[in-house]
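K.L.:
Okay, handing you the structure first.
Every number in this text was worked out from the coordinates using simple rules, so none of it is lab data. All values reported here derive from a predicted model rather than from experimental measurement. Every residue, glycine as well, gets a Cβ built from its backbone with ideal geometry; the counts of neighbours run over all protein chains shown.
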Amino acid sequence: MLSAEAIEKIEYELAKYPKDRRQAAVMSALRIVQIERGWLSKESVTDVAKYLGIPEIAAMEVASFYNMYDLQPVGQYKITVCTNISCMLRGSDEIVDHLQHTLGVGFNEVTADGKFCIKEGECMGCCGGAPLLHVNNTHMHEFLTTEKVDALLEELNKG
Amino acid sequence: MLNIEIDGKPLEVEHGSTIIDAADAAGIAIPRFCYHKKLSVAANCRMCLVQVEKFNKPLPACATPVADGMKIYTRSKAAVEAQQSVMEFLLINHPLDCPICDQGGECDLQDIAVAYGASGSRYTEEKRVVFNKNIGPLVSTDMTRCIQCTRCVRFLKEVGGMQELGMVGRGEHAEITAYVDQSVNSELSGNIIDLCPVGALTSKPFRYSARSWELTRRSSIAPHDGLGSHIEVHVKDHKVMRVLPREKESINECWLSDRDRFSYEGLNSPDRLKVPMIKHNGQWQETDWKTALEFAAGQLKDITKQYGGDALGVLVSPNSTMEEGYLIKQLSEGLGCGNVDYRLRQTDFRLDGKRTGTPWMGCNIQEIEELDRILLIGSNIRNEHPLLAQRIRKAVANGAELCIVSPLDNDPLMDVAHKVIVRPNDMVNVLGQILKAMSGLQKLSLCLPPTLNTLLEEIKVRPNTQKIAECLAGISEELILIAPKVGIFLGNMALSDPRFTEMYSMAEAIGGITGAKGGILPPAANSTGMHLMGVMPSATGMHARAMIEVPRKAYLLLNIEPELDCQHAALATDAMAKAECVIALTAYKSAALENADILLPIAPFTETSGTFMSMEGRVQSFQAVTRPLGECRPAWKVLRVLANTLGLNGFDYNSSEEVKNKIFHGEKPSALVWRSLNNNLKELVEIQINIKKEGLQRIGEVPQYESDPIVRRSPPLQKTKYNIRPMARMHADQLTELGLQDGDLVVAYQDKGSALLKVRLDNHVAKGCVRVAAAHPLTAGLGDLMGDITIEKASTEHAALYEKQLTEMA
């Protein structure tokens with residue numbers, strides 16, 4: 001069951017589309033539920049599909065296509081590092097190595113304290129700031145160096 | 001019209017058509033995987049890339065609309081290079097396991113790789129592996145072979161009405177799957193096997209049993225529902241190996257329902273009766289045809305001589321051919337017996353003798369697509385006629401509005417504009433309301449005859465029926481149609497209802513006001529044909545219901561299992577047990593025929609020639625596709641020889657064609673059909689709109705895969721989700737009223753009989769009703785399909801008995 005807050009937000013999104021095109025709001029709805037619950041379990045995808053009145057598999061197609069949706073539990077902070085061509089040429093491998101070494105986890109793994117998770121990201125469309133990463137799909141950090149990463153982790157650890 | 005050129009050939013094509021349409025029409029081959037003329041365009045396989053002049057890259061022929069003056073090259077250097085590259089891409093991950101693949105020999109990928117591919121691939125990387133999914137007992141998956149054309153996904157979404165498969169993941173990780181281990185439950189699911197251009201989706205029952213080139217293909221007609229779908233039966237060593245659809249745009253297009261596709265597995269059932277059998281002192285003994293026929297003829301003669309022809313009852317399956325129906329009718333007449341009937345699941349016979357002609361669906365199957373408004377009365381259409389449901393779905397997708405009046409709120413997998421879900425008894429009232437509302441609508445100047453007016457006087461029109469009336473009249477929220485094309489159809493539940501006459505008369509009156517097409521949707525392959533030939537009681541004869549209500553001394557059964565095929569199972573069983581002699585012409589040995597005395601093995605539709613007449617009046621003959629199993633003989637031959645043995649005259653037919661010629665008096669069948677099909681009534685029938693009815697009513701629907709003896713014996717169909725033990729299904733409010741809960745064990749009583757059933761919460765059932773499936777041994781003790789029923793909580797003794805029943809059945 002979706003929470004009342006989630007429903008309110010989804011209704012806001014639904015209002016942007018014609019009444020008989022509820023499927024159009026699937027991306028927003030999945031995002032809203034993911035933010036609320038941390039990640040998208042199969043039950044969450046089912047909840048969204050049921051609420052929109054679309055086949056469950058249609059919601060799953062969307063949820064599994066975009067890699068900003070998480071179908072597995074993630075830590076409190078999901079750090080997504082872009083590893084596409086521009087970032088790679090600007091040294092994203094080094095950033096990834098450093099992150100993995102510091103946190104002691106590989107891609108798609110969560111640290112034992114449940115705080116961090118590293119993900120491999122696709123191009124975020126800001127190649128001018130390469131190499132870059134974002135935290136929880138929302139906060140982007142550009143022109144990364146290992147020092148910047150350390151500072152970021154420290155800040156997140158505090159918060 | 002636009003002028004274009006393909007491969008130097010000047011063509012004139014219509015505005016809006018795509019390159020692939022134009023090429024197909026001109027007979028120019030363009031390879032494709034994802035494109036299918038009946039599905040939306042996905043353009044994701046890229047196999048149909050062609051070169052178009054003035055474009056500096058190849059374009060997909062399936063998704064490129066033609067423009068005037070376009071010059072297209074399908075075999076130019078650029079086009080061939082593009083095709084070869086796409087082929088190489090498609091084969092990157094395709095396992096070359098053709099030797100163990102069921103699709104081998106009829107595989108689009110194989111054929112196109114040979115014709116359009118290069119001789120080798122530059123890829124040496126490891127191929128990806130995709131795990132197989134279990135999507136049910138009908139379709140087998142080998143997902144590593146999938147090339148992601150998404151035809152199956154689009155079919156289930158667009159034609160099946162419910163997207164049950166989808167493509168999850170992205171890029172190299174993309175795969176076709178159902179949602180989290182669910183199965184594909186569409187009643188049209190078998191079509192994805194035909195659509196799959198590779199061996200990713202293959203037929204589970206057919207798997208590893210034959211190669212396509214070993215099979216002989218023979219045409220036939222599907223024998224289960226009233227559509228008369230065209231099928232192609234594939235035979236190897238005189239055994240039916242599989243059934244595929246034959247394309248017939250006006251009937252089944254290129255599809256086939258699962259019932260028609262997989263029922264053939266029942267033809268090879270161990271239950272098949274291979275030799276004639278006679279019961280001697282309660283023991284079945286095998287015998288030869290001569291003895292069996294002489295014994296049968298002797299019994300028939302003795303009984304009709306002693307008690308008169310009236311002592312015999314003849315029950316005929318509406319799935320039998322016209323020839324069989326005609327001969328059994330003649331034979332009964334020869335014996336002076338007027339008790340002949342094919343309407344085994346009907347209760348209300350008040351319209352007998354009042355009809356102008358043979359009732360039919362009132363329009364052509366293809367016409368349904370063009371309707372603007374459709375009213376379905378008492379029909380679970382997906383269960384009854386899956387492909388007709390598909391046509392209605394198409395109409396609805398084109399903007400038609402569907403209204404439903406039914407005791408069941410089953411999802412037809414399409415948008416329903418308005419529905420009224422009420423007890424069968426109240427359906428008459430609802431139809432009356434619609435009629436009254438319609439006569440009051442300002443757009444209509446027509447008034448009702450005074451008799452109807454008085455009947456309708458007391459009826460109060462409710463808002464939702466008012467809406468249906470407005471919808472049928474062409475008024476709806478979004479637009480107003482001045483003269484909408486309306487279709488009104490009565491389904492199986494209406495046909496079995498004790499108040500069918502009322503429903504029919506109301507539907508006819510509504511149809512009269514709206515100028516609607518429509519009529520009944522006869523349940524079986526040859527229901528219409530049986531009516532046309534008058535396989536019905538004579539003026540003094542008894543109808544199917546009376547024959548079992550007032551037991552006869554002897555019965556002659558053609559192709560039926562009485563307790564499963566008759567609408568009152570308990571009476572049927574009882575009548576058979578009481579009879580002195582029951583002669584069954586049957587393809588199967590069956591527990592339901594334990595009370596028979598003589599079993600004569602007849603050939604099912606694959607082993608006999610014959611003719612079916614479909615619900616739209618199409619007369620279609622077919623030939624035997626295999627030779628009869630064991631000592632089985634075509635029923636028309638058995639009836640002929642039986643008549644000869646009885647010493648009756650006029651039974652000298654040498655072939656089923658001769659019988660057919662006799663039926664149609666040597667005329668073209670269409671001429672007789674044209675004169676005969678008519679849904680009008682000769683005279684008004686006394687009807688009552690309001691009958692108070694207290695107590696629960698049964699909705700005794702016949703499940704899709706229990707509809708006739710062949711289907712009942714098809715293991716893959718029996719394994720589907722639709723084959724669930726009959727339960728007492730009720731609405732939540734009804735359960736509260738009765739103090740019951742989901743899962744409780746109850747005793748259901750009808751007349752003298754009863755059945756032990758589990759309770760199931762089902763909010764799709766109208767209040768005041770219990771949905772108890774028919775045509776099942778568990779409910780064989782019950783009575784009328786649409787009759788009164790009482791439900792009581794079961795005792796502990798009952799629970800033990802129920803467990804025993806289950807173990808027995810297993």
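K.L.:
How big is Rg to Rh over segment B:366-520, alpha-carbon atoms, Rh as the Kirkwood inverse-mean-distance radius? The partial results should precede the final answer.
P.N.:
Details: Rg = 14.2 Å, Rh = 15.3 Å.
The Rg/Rh ratio comes out at 0.93.
K.L.:
Under a crude label model (7 Å from the Cα following the beta-carbon direction), how far is B:N464 from B:D68 in nanometres?
P.N.:
5.4
K.L.:
For chain B, which semi-axes, largest first and in whole Å, follow from the square roots of 5 times the eigenvalues of its Cα gyration tensor?
P.N.:
On the way: eigenvalues 430, 225, 152 Å².
For chain B, the ellipsoid semi-axes come out as 46, 34, 28 Å.
K.L.:
Over chain B, calculate the relative contact order: mean separation of alpha carbon pairs under 8 Å at least 6 apart, over the residue count, as a percent.
P.N.:
Values: 1749 pairs, mean separation 106.6, N = 810.
Reported as a whole number, the value is 13 percent.
K.L.:
So, one more: Restricting to Cα pairs below 8 Å that are 6+ residues apart, what does the relative contact order work out to for segment A:1-111? Please round to a whole percent.
P.N.:
With pairs under 8 Å counted, the relative contact order is 20 percent.
K.L.:
For an R0 of 51 angstrom, estimate the FRET efficiency from the Cβ-Cβ distance between B:I691 and A:I35 and round to the nearest 0.05.
P.N.:
Details: r = 58 Å, r/R0 = 1.14.
Plugging the Cβ-Cβ distance into 1/(1 + (r/R0)^6) gives 0.30.
K.L.:
So if R0 is 45 Å, what FRET efficiency would B:W213 and B:K305 give, r being the distance between their Cβ atoms, rounded to the nearest 0.05?
P.N.:
Numbers: r = 58 Å, r/R0 = 1.29.
FRET efficiency, B:W213 to B:K305: 0.20.
K.L.:
Once each part is reduced to its C-alpha centroid, what is the distance from segment A:55-117 to segment B:370-436 in angstrom?
P.N.:
For segment A:55-117 versus segment B:370-436, the Cα centre distance is 50 Å.
K.L.:
I need the per residue convex hull volume for segment A:98-159, using only the alpha carbons, in cubic angstrom as a whole number. Before the final figure, lay out each step's value.
P.N.:
On the way: hull volume 5.2 nm³, N = 62.
Per-residue hull volume (Cα only) is 84 Å³.
K.L.:
As an exercise, identify the GluC sites (Glu not before Pro) in segment B:635-734 lying in DSSP coil whose Cβ has no more than 14 other Cβ atoms within 10 Å. Display every interim value, and only then the final one.
P.N.:
Values: sites: B:E657, B:E658, B:E667, B:E683, B:E686, B:E694, B:E701, B:E706; in loops: B:E667, B:E683, B:E686, B:E694, B:E701.
Counting only loop positions with at most 14 other Cβ atoms within 10 Å, the GluC sites (Glu not before Pro) in segment B:635-734 are B:E667, B:E683, B:E686, B:E694.
K.L.:
Count charges around B:D271 for me, please; just the other residues with Cβ under 14 Å from its Cβ, Lys/Arg as +1, Asp/Glu as -1. Walk me through the intermediate numbers first.
P.N.:
Values: positive: B:R272, B:K274, B:K589, B:R712, B:R713; negative: B:E265, B:E561, B:E594, B:D708.
Result for the local shell: +1.
K.L.:
Evaluate peptide B:163-172: per residue, the Cβ atoms of other protein chains within 10 Å of its Cβ; return the mean as an integer.
P.N.:
Details: counts 6, 3, 3, 9, 5, 8, 4, 6, 2, 0.
Taking the mean over all residues of the peptide, I get 5.
K.L.:
In debye, nearest 20, what is the charge dipole magnitude of chain B about its Cα centre with +1 on Lys and Arg Cβ and -1 on Asp and Glu Cβ, if you could check? Before the final figure, lay out each step's value.
P.N.:
Working: 89 positive and 98 negative charges, 110 e Å.
Charge dipole of chain B: 520 debye, to the nearest 20.
K.L.:
Report ³J(HN,Hα) in whole Hz for each residue of segment B:46-54, in order, from the Karplus equation J = 6.51 cos²θ - 1.76 cosθ + 1.60 where θ = phi - 60°; Gly and Pro get x.
P.N.:
Coupling constants for segment B:46-54: 6, 6, 8, 4, 10, 8, 10, 4, 6 Hz.
K.L.:
Given the Cα atoms of segment B:54-144, and with Rh set as the inverse mean 1/r over their pairs in the Kirkwood sense, what is Rg to Rh to two decimals? Walk me through the numbers before you get to the answer.
P.N.:
Values: Rg = 17.0 Å, Rh = 16.0 Å.
Here Rg/Rh amounts to 1.06.
K.L.:
Ok, one more. Using a ≥ b ≥ c from the Cα gyration tensor of segment B:625-670 (square roots of the eigenvalues), is it rounded, prolate or oblate, where a/c under 1.5 gives rounded and otherwise the larger of a/b and b/c decides, a/b for prolate?
P.N.:
On the way: a/c = 3.69, a/b = 1.23, b/c = 2.99.
Oblate is the answer for segment B:625-670, as a/c is 1.5 or above yet b/c matches or exceeds a/b.
K.L.:
Under the 0.36 nm per residue contour assumption, what length would be gained going from the current alpha-carbon distance of B:E88 and B:K793 to full extension?
P.N.:
Length gained between B:E88 and B:K793: 247.2 nm.
K.L.:
Please compute, for peptide A:51-60, the average count of beta-carbon atoms on other protein chains lying within 10 Å of each residue's beta-carbon.
P.N.:
Numbers: counts 0, 0, 0, 1, 8, 7, 16, 5, 2, 8.
Mean shielding count: 5.
K.L.:
Please return the longest range in chain A lying between exposed loop sites, taking chymotrypsin sites (Phe, Trp or Tyr not before Pro), DSSP loop only, at most 12 other beta-carbon atoms within 10 Å, and leaving the sites out.
P.N.:
Working: sites that count: A:Y66, A:F143.
It works out to A:67-142.
K.L.:
By how many nm would the segment from B:K236 to B:T540 grow when fully extended, if each residue of separation counts as 0.36 nm and the alpha-carbon distance is taken off? Walk me through the intermediate numbers first.
P.N.:
Numbers: separation 304, 0.36 × 304 = 109.44 nm, distance 4.88 nm.
Contour length minus Cα-Cα distance gives 104.6 nm.
K.L.:
Nearest 20 debye, what's the magnitude of the dipole of segment A:4-65 about its Cα centre given +1 on Lys and Arg Cβ and -1 on Asp and Glu Cβ? Before the final figure, lay out each step's value.
P.N.:
Working: 9 positive and 10 negative charges, 33 e Å.
Around 160 debye, computed over segment A:4-65.
K.L.:
For chain A, which longest stretch is free of loop sites, where a loop site is one of the trypsin sites (Lys or Arg not before Pro) that DSSP puts outside H, G, I, E and B and that has at most 14 other Cβ atoms within 10 Å?
P.N.:
After excluding every exposed loop site, the longest remaining stretch is A:22-114.
K.L.:
With labels modelled as points extended 7 Å from the Cα through the Cβ direction, what inter-label distance (nm, one decimal) is found for B:A29 paired with B:W674?
P.N.:
Going by the 7 Å Cα→Cβ label model, 4.2 nm.
K.L.:
Which chymotrypsin sites (Phe, Trp or Tyr not before Pro) in segment B:491-580 pass both tests, a DSSP loop state and at most 12 other beta-carbon atoms within 10 Å? Show your work: numbers first, answer last.
P.N.:
Values: sites: B:F500, B:Y504, B:Y555; in loops: none.
When the chymotrypsin sites (Phe, Trp or Tyr not before Pro) of segment B:491-580 are filtered for loop state and at most 12 Cβ neighbours within 10 Å, nothing remains.
K.L.:
Please work out the Cα center distance from segment B:73-99 to segment B:695-739, rounded to the nearest Å.
P.N.:
50
K.L.:
What FRET efficiency would be calculated for the residue pair B:K279, B:S655, taking the C-beta separation as r and a Förster radius of 30 Å, to the nearest 0.05?
P.N.:
Values: r = 32 Å, r/R0 = 1.08.
Using R0 = 30 Å, I get an efficiency of 0.40.
K.L.:
Once the other residues with Cβ under 9 Å from the Cβ of B:S257 are scored (Lys, Arg +1; Asp, Glu -1), what is the net sum?
P.N.:
Values: positive: B:R259, B:R261; negative: B:E187, B:D225, B:D258, B:D260.
Local net charge: -2.
K.L.:
Related question: Put +1 on the Cβ of each Lys and Arg and -1 on the Cβ of each Asp and Glu in chain A; which of A:L152, A:G104, A:N137 then has its Cα farthest toward the positive end of the dipole?
P.N.:
The one lying farthest along the dipole's positive direction is A:N137.
K.L.:
Next question. If the only charges are +1 at each Lys and Arg Cβ and -1 at each Asp and Glu Cβ, what is the size of the charge dipole of segment B:366-520 around the Cα centre, to the nearest 20 debye? All intermediate terms of the calculation are to be shown ahead of the outcome.
P.N.:
On the way: 15 positive and 18 negative charges, 10 e Å.
Charge dipole, segment B:366-520, about its Cα centre: 40 debye, nearest 20.
K.L.:
Quick test of your reading: applying the under-4.7 Å Cβ rule, which cysteines of chain A are isolated?
P.N.:
Unpaired cysteines in chain A: A:C117, A:C123, A:C126, A:C127.
K.L.:
Relative contact order, percent, of segment B:617-714 when contacts are C-alpha pairs under 8 Å separated by at least 6 residues? Display every interim value, and only then the final one.
P.N.:
Values: 20 pairs, mean separation 20.1, N = 98.
Value for segment B:617-714: 20 percent.
K.L.:
Taking just the C-alpha trace of segment A:4-65, give me its Rg and Dmax in Å.
P.N.:
Cα-based Rg and Dmax for segment A:4-65 come out at 10.4, 29 Å.
K.L.:
Still on this structure, I have one more. If packing is taken as the average count of other Cβ atoms within 10 Å, what order do B:347-355, B:514-522, B:330-338 fall into, highest mean first?
P.N.:
Result, highest mean Cβ count within 10 Å first: B:514-522, B:330-338, B:347-355.
K.L.:
As an exercise, identify the GluC sites (Glu not before Pro) in segment B:1-65 lying in DSSP coil whose Cβ has no more than 11 other Cβ atoms within 10 Å.
P.N.:
Of the GluC sites (Glu not before Pro), the ones in loops of segment B:1-65 whose Cβ has at most 11 other Cβ atoms within 10 Å are B:E14, B:E53.
K.L.:
Moving to a separate point now. Can you give the Rg to Rh ratio for segment A:40-85, taking only C-alpha atoms and Rh from Kirkwood? All intermediate terms of the calculation are to be shown ahead of the outcome.
P.N.:
Values: Rg = 12.7 Å, Rh = 11.8 Å.
That ratio equals 1.07.
K.L.:
Please label the shape of chain A as rounded, prolate or oblate, based on the square roots a ≥ b ≥ c of the eigenvalues of the alpha-carbon gyration tensor (a/c under 1.5 means rounded; beyond that, a/b larger than b/c means prolate, else oblate).
P.N.:
On the way: a/c = 2.43, a/b = 1.91, b/c = 1.27.
Since a/c reaches 1.5 and a/b is larger than b/c, the shape of chain A is classed as prolate.
K.L.:
Report, in degrees rounded to the nearest 10, the 0 to 90 angle that the Cα long axis of helix A:4-14 makes with the longest principal axis of chain A.
P.N.:
80
K.L.:
As a test of the definition: which semi-axes, in Å, follow for the protein assembly as shown when you take the square root of five times each eigenvalue of its alpha carbon gyration tensor? Largest first, please.
P.N.:
56, 34, 30
K.L.:
Peptide B:148-160: average number of partner chain Cβ atoms within 10 Å per residue?
P.N.:
Working: counts 0, 0, 0, 0, 0, 3, 0, 0, 2, 3, 0, 0, 0.
Partner Cβ neighbours, averaged per residue: 1.
K.L.:
Per the Kirkwood formula on distinct C-alpha pairs, the Rh of segment B:212-266 is how many angstrom? Walk me through the numbers on the way to the answer.
P.N.:
Numbers: mean 1/r = 0.0887 Å⁻¹.
With all distinct Cα pairs of segment B:212-266 included, I get 11.3 Å.
K.L.:
Out of A:A15, A:S44, A:A59, whose Cα points farthest toward the positive end of the dipole of segment A:4-65 (charges: +1 Lys, Arg; -1 Asp, Glu; placed on Cβ)?
P.N.:
Toward the positive end, the furthest listed residue is A:A15.
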